[in-house]
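**Q** To start, I am sharing the structure in question, which I have written as structure tokens.
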């Protein structure tokens, strides 16, 4: 009888433990918009946002420019092993950063490739003009994803924005 009760308690403990791990993994992915309204000076919020964005597995560093306006974020990627498109990553990640971090004015994304460093700088004003929308008004991830997908279909438009 004691063995059955021990087995029951152990099984229950394992079940509770595993369900907790699963819910934490799901909430980590779904919590990107919990950083909405953050500031460039909040290093924790910026880094936690960046490590959930496209190309995060290649993320190698971040620098925050907060001493004087305009405020900015510089993100470095080790892109040598990546097969992702840099320009689409710039659009995607800059869109999220401008939507979530209220006082970021510009973003620089540096991609270290076998050919050298490719640098892309984009301002909030440029991206919002391209979308014809204030990114701070986007309230959830689904709307932002739809906006990015709709505007990222035309390679010429992307090239024009990032020239």
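Derivation of every value follows stated rules applied to the coordinates shown; laboratory data play no part. Values in this document were obtained by computation on a predicted structure and should not be read as measured data. Because the Cβ atoms are built from the backbone with ideal geometry, glycine has one as well, and the counts that use them run over all protein chains shown.
**Q** Arranged by the count of other C-beta atoms within 10 angstrom, fewest first, what order do 163, 88 take?
**A** If I rank by nearby Cβ atoms, fewest first, I get 163, 88.
**Q** Taking every eigenvalue of the Cα gyration tensor of region 19-146, multiplying by 5 and rooting it, what semi-axes result, largest first, whole Å?
**A** 21, 20, 15
**Q** Moving on. Using the per-residue mean of other Cβ atoms lying within 10 Å as a proxy for protection, in what order, highest first, do the peptides 55-64, 107-116 fall?
**A** So the order, starting with the most tightly packed, is 107-116, 55-64.
**Q** For residue 114 and residue 140, compute 0.36 nm times the residue count separating them, minus their Cα-Cα distance, and round to one decimal in nm.
**A** 5.7 nm
**Q** Distance in nm between label sites at residue 149 and residue 133, each 7 Å beyond Cα in the beta-carbon direction?
**A** It is 1.3 nm.
**Q** In addition: Using 0.36 nm per residue of separation minus the Cα-Cα distance, give me the extension gain between residue 62 and residue 157 in nm, one decimal.
**A** Gain on stretching residue 62 to residue 157: 31.5 nm.
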